[in-house]
Amino acid sequence: MTADADFIVVGAGSAGCIVAAELARRDVGRVLLLEAGPSDNHPLVKMPFGLTWLMGSKRDWRFKSDPQKGLGDRQLNVHRGRMLGGSGSINSMVWFRGRCDDFDGWNVKGWEWPDVEPAFEAVEAKLQPKQMTGVHPLVQALSDLFGGNANEAPTPEYESAGTFRFNMHNARRWSAADAFMRPAQAAYDLKVRTGSEVDRIEFEGDQAKRVILLDGTKLSASKGIVLSAGSIGSPAILMRSGVGPAEHLQELGITVTHNSEEVGDNLHDHPAAGLYFAGPRSGYGLTLSQMPAWMLAPFRYLFTRKGRFASPTVEGGAFFNARCDTGEPDVQCHFIPFMLDWKGSRFTHGSGYFADVCACRPKSRGRLRLTSADPNVAPDIDLGLFQDPDDVETLLAGLKRLRELMSKAAFGKHRAPEVYPGPEVSSDEALRQHIKDRGATAYHPVGTLRMGEGTAPVTPRLAVAGVTDLWVADASVMPSVTSANTNAPSMMIGYRAAKFISEDTA
């Protein structure tokens, strides 16, 4: 029987689009890319400001975390893209490689900075990320905070602030689906299939042979299968396929193909907490004076690619050391020049801005487990936020210094007072409670299929340990999260995965 493809890639997200395109470019045979969601051919996907409506829509998996003990048993949204481009089609498109020593710190052979730098350069040659133009004056004022980077984009390598770089072209989203997948479809033997949600992988012995979709369709691969369904989807599919902690799988009635105790462990994200500012003539917001601008915004964007609809909301920010010592930056600030509500409503009247602090290298760890063998039942997602008290103390120090930085920024007539939690919340105890009450994540989950030696679920060459013809290429393989937004490192992983797989199956 003829196989449906030589390679099947599961998940057309930031890494999946690149691994599929690069496998096809390397002429490994027929490549089939499967995506559970629909196409990304939607005006809200391409328009930067559209993410405000896409999050929580049918193009989002709409996962929820388990009640987080470190957050007073609050549950958090775990937004993950469900369409071509994956989370790269609903994110703010912020582009950072991370710190060079992030990769050295992984302690994985073949993944130190000199190993990964060429892959970043190759990806960036196609995406060409650039600093956003037309940012709000509040964001422009950030570039003077530390002086050292002038008008260059800030970097986690040293204290710096200003306008971020984004993977946008002509004020439109430019995802891995745009830069890699579509050109490869036109030039190479790459087929893409949307609306194809994968239940599990079928093995013959220890060899991955087929993927089984939710509707029972079986698709076979003659050379192998690549999981690129992300830090939530990839371990869930792997466990439903019988690769994971044996006792857990047996409890759910899943036949064990390979006992891999760490599958689903090491889940973590960048924890964050923020400050809200509000005042007349400050940031964008719903006010009477701004109503004409909002009414014209869709037309201005349509005809000039400018204005507030050209904004991905996060326009800039900073990296700094929370305790203001001589160490490297340990927190990242995302700055949003829009009025955000702190009372529970999605939209609120007034103008303002928002700034947060995220711990660059969190120590807390959670885990992911299945609740059922049924793929329609969402897994248990325990982010483990603030299980290590050091993460709380880093954010505590970061919030204090963020206040100082916001007070000295040259905001001029756009300056607004802090309204939440408010300057009266100043003691360490009160700020810790604010972190517990309002702390969240930056939507950067990683680590559930960490790569490494020994007991690691995935090898340094991105093969799933204990089975054959099965690889993982997404943020789940990161041993620890990089010191900034994770979209760029995810694409780098996809690029390197194609190189490894083509070499190892030649």
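The values are calculated or read from the model by the stated rules, or taken from the named source; none is laboratory data. None of these values were measured; they are calculated from a predicted model. Cβ coordinates were reconstructed from backbone atoms using ideal geometry, including for glycine residues, and neighbour counts include every protein chain displayed. Accessible surface is based on the protein model in full, side chains and every heavy atom, while ligands, DNA and RNA are left aside. Shrake-Rupley method; radii C 1.70, N 1.55, O 1.52, S 1.80 Å.
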Mind checking which residues of region 51-62 are surrounded by fewer than 18 Cβ atoms within 10 Å (Cβ to Cβ) and not hydroxyl-bearing (Ser, Thr, Tyr)? Trp53, Met55, Gly56, Lys58, Arg62
Need at least 2 residues that are small (Gly, Ala, Ser) per element, so show me which strands (runs of 3 or more DSSP E) inside region 312-384 make the cut, counting only ones lying wholly within it. 316-320, 350-359
May I ask you to list the residues in region 332-361 that are touching a strand residue (DSSP E or B) at 6+ places or on another chain (Cβ under 6 Å), surrounded by fewer than 24 Cβ atoms within 10 Å (Cβ to Cβ) and of a type in the set (Phe, Trp, Tyr)? Phe338, Trp342, Phe354
Kindly establish whether Ile90 is among the β-branched types (Val, Ile, Thr), more than 19 Å from the chain's Cα centre (by Cα) and either at pLDDT 95 or above or open to solvent by less than 10 Å² (accessible area, probe 1.4 Å) (or both). no
Going by what's in this entry, would Arg182 be described as open to solvent by 30 Å² or more (accessible area, probe 1.4 Å), of a type outside the set (Ser, Thr, Tyr) and within 24 Å of the chain's Cα centre (by Cα)? yes
Please verify whether region 19-29 includes one or more residues that are surrounded by fewer than 23 Cβ atoms within 10 Å (Cβ to Cβ), in a loop (DSSP other than H, G, I, E, B) and β-branched (Val, Ile, Thr). yes
Starting from residues that are among the hydroxyl-bearing types (Ser, Thr, Tyr) and assigned to a loop (DSSP other than H, G, I, E, B), keep the ones in region 273-305 and report whichever is surrounded by the most Cβ atoms within 10 Å (Cβ to Cβ). Ser282
Please work out which residue is farthest from Val472 (Cα to Cα), limiting yourself to region 223-272 and to residues that are touching a strand residue (DSSP E or B) at 6+ places or on another chain (Cβ under 6 Å) and free of Cβ contacts under 8 Å to residues at least 60 places away in the same chain. Ala246
Test: residue in region 400-413 that is touching a strand residue (DSSP E or B) at 6+ places or on another chain (Cβ under 6 Å), of a type in the set (Gly, Ala, Ser) and in contact (Cβ under 8 Å) with a residue 60 or more places away in the chain: no
Could you say whether any residue in region 35-44 is open to solvent by less than 20 Å² (accessible area, probe 1.4 Å), in contact with a Lys or Arg (Cβ under 7 Å, 6 or more places away or on another chain) and outside any loop (DSSP other than H, G, I, E, B)? no
Do we find that Asp66 is under 16 Å from Thr441 (Cα atoms), of a type in the set (Asp, Glu) and either modelled with pLDDT of 95 or more or surrounded by fewer than 23 Cβ atoms within 10 Å (Cβ to Cβ) (or both) in this structure? yes
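Yes/no matrix, rows are residues, columns are (1) within 16 Å of Pro312 (Cβ to Cβ); (2) assigned to a strand (DSSP E or B):
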site: Gly134; (1), (2): yes, no
site: Val139; (1), (2): yes, no
site: Thr155; (1), (2): no, no
site: Tyr158; (1), (2): no, no
site: Ala161; (1), (2): no, yes
site: Phe180; (1), (2): no, no
Given (1) under 27 Å from Gly85 (Cβ atoms); (2) buried (at least 18 other Cβ atoms within 10 Å of the Cβ); (3) touching a strand residue (DSSP E or B) at 6+ places or on another chain (Cβ under 6 Å), where does Thr505 come up short, assuming only one miss? (2)
Open to solvent by 10 Å² or more (accessible area, probe 1.4 Å) and either closer than 18 Å to Cys358 by Cα or hydrophobic (A, V, I, L, M, F, W, C) (or both): does that describe Val458? no
Give all pairs with beta carbons closer than 6 Å in which a residue from region 464-485 that is modelled with pLDDT of 95 or more meets a residue that is aromatic (Phe, Trp, Tyr); count only pairs at least 6 apart in sequence or on separate chains. Pro479/Trp106; Ala484/Phe96; Asn485/Phe96
Within region 362-393, can you find the residues that are open to solvent by 40 Å² or more (accessible area, probe 1.4 Å) and among the β-branched types (Val, Ile, Thr)? Thr371, Val377
Suppose the filter is open to solvent by 40 Å² or more (accessible area, probe 1.4 Å) and touching a strand residue (DSSP E or B) at 6+ places or on another chain (Cβ under 7 Å); does Arg308 pass it? no
Check Arg173 against each of (1) of a type in the set (Lys, Arg); (2) open to solvent by less than 40 Å² (accessible area, probe 1.4 Å); (3) closer than 24 Å to Met478 by Cα; (4) touching a helix residue (DSSP H, G or I) at 6+ places or on another chain (Cβ under 7 Å) and name the one condition it does not meet. (3)
Residue pairs qualifying under the 7 Å Cβ cut-off, at least six apart or on distinct chains, with the first in region 178-196 being more than 19 Å from Ala229 (Cα to Cα) and the second being open to solvent by less than 60 Å² (accessible area, probe 1.4 Å) and of a type in the set (Val, Ile, Thr), are Gln185/Val192; Asp189/Val31
How many of the residues making up region 121-150 are under 20 Å from the mean Cα position of the chain (by Cα) and open to solvent by 50 Å² or more (accessible area, probe 1.4 Å)? 5
Expected single match for in contact with a Gly (Cβ under 8 Å, 6 or more places away or on another chain) and either within 21 Å of Ser490 (Cα to Cα) or touching a residue at least 24 places away in the same chain (Cβ under 8 Å) (or both) among Leu76, Leu51, Leu142 is Leu142
Which numbered condition Phe120 fails, given (1) in a loop (DSSP other than H, G, I, E, B); (2) among the aromatic types (Phe, Trp, Tyr); (3) at pLDDT 95 or above: (1)
Applying the selection to region 56-81, what residues are in a loop (DSSP other than H, G, I, E, B), over 17 Å from the mean Cα position of the chain (by Cα) and among the charged types (D, E, K, R)? Lys58, Asp66, Asp73
Going through region 435-455 in order, the residues found to be open to solvent by less than 10 Å² (accessible area, probe 1.4 Å) and β-branched (Val, Ile, Thr) are Ile435, Val446, Thr448
